[in-house]
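Derivation of every value follows stated rules applied to the coordinates shown; laboratory data play no part. All figures in this text were calculated on a predicted structure; none of them were measured in a lab. Reconstructed Cβ throughout: ideal geometry from the backbone, glycine too, with neighbour counts over all protein chains shown.
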Amino acid sequence: MDTTQLALLALFVGILIGGSISAIIVAALRARDNARVETSLQIPDGVREVLHGMDDAAVVVDASSTVLAASAAAVPFDLIEGRSLPTDELRAVARTARTADAPETETLRLRRGAPPAEPRLVVVRATRISPRLTLLVLRDITERERVEEMRRDFVANTSHELKTPVGAVSLLAEAIESAADDPPQVRIFTARLSAEAARLALLTSRIMNLSRLQAADELTLRDVAIDEVVASALDAHAIQADSAGVDVVRGGLRGLYVRGDAQVLSEAVGNLIANAIAYSTRGSSVGVGVKAADGIIEIAVTDRGIGIAEGDQDRIFERFYRADPARARRTGGSGLGLSIVKHAVQRHGGDVRLWSRPGRGSTFTIRLPQIEAPVGEPVPKRGRKKKRPATASPPRSAAPKTPAAPTGSATLTNGDTV
């Protein structure tokens, strides 16, 4: 073998040895990097910024379930950086996602805030972002589930409530047909048939009104005079008040304005007046008072009726709920009036408050944001007492004074009798 061949062989061997050494070095570096990644707790770039921009609660946790980064919405769930996950359920979801190839999703009940805060229904989605890091995203679906449950209850209750008058109309029609040769019985059945038809029409109208208020459609908003709202509600229930032997007294400030839908507000106030009349005794009075304070207008409807038990007050605004079902059916109540009031007022940015004592009566107070009176309108003033027209119903004994409204309700002074 000559010198040239030896030189080439040596070069080849050197290249082979050098390549092997280089491969070993590269493999070692990669193994070192992989080991560093396996044991690293460093959060990838951009993850913190994404967390801070999220509306949902989200956290990054390590293998020991310690929170390394958290969004602002995670704090109420006690998910705070440097602390461990607060529940075993969350730790189990994170642990499962770390060992699985796909994200893990669970629905849990977690407490948001300190006790006695109610547990919230939360969907937890866990995704592995590195061998030791896991991303947890919590989406609160409590309100969505509550709305869905309300929808199911509404459909079930509506079906149940409609069956009664529809069934009664069908039976009364058969009774009229079978009693065709008995005019007195026909007249009795016809009167009852008319009453059931009126009840069915009222229930249908109330359901449509409530559905309209709950829809996403915007109301027809304008500057509305509270005097117009109250006067319309009083006129609509004047006949009911006379038939029940109840005086309706209007008092408080005048010339106040809100931004809203006059028809919807009038119906809301009218529902409160109708309830007050229906649950008042003959010869008593119902007061409608208006006042304003700190930019809030309060319309209070006060009666001296049977009152509402404390256990029923939390549920009185629910659909189809009746504190006294027997009396409500006798008076034609649908159980939707107060629910309509609640949703109507909420659509106007206000709320409804209740004060009641069994045997002493009730006060429902509608609170709405006040706006400035349009230019050229008179300054708010208190009403002056009017006399009853001569053609009014025969005079009754003096009605008892309207009960003092609780704190926060409008006081009746210098009231107008309607």
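Which residues, taken from the range 86-102, are within 15 Å of VAL59 (Cβ to Cβ) and not in a helix (DSSP H, G or I)?
Within the range 86-102, PRO86, THR87 meet the criteria.
Any residue in the range 245-269 that's free of Cβ contacts under 8 Å to residues at least 40 places away in the same chain: show its pairings with residues that are in a helix (DSSP H, G or I) at Cβ separation under 7 Å, as long as the two are six or more apart or on different chains.
Pairs found: SER266/VAL229; SER266/SER232; SER266/ALA233.
Check whether at least one residue in the range 280-295 is under 24 Å from the mean Cα position of the chain (by Cα) and in contact (Cβ under 8 Å) with a residue 40 or more places away in the chain, and report yes or no.
yes
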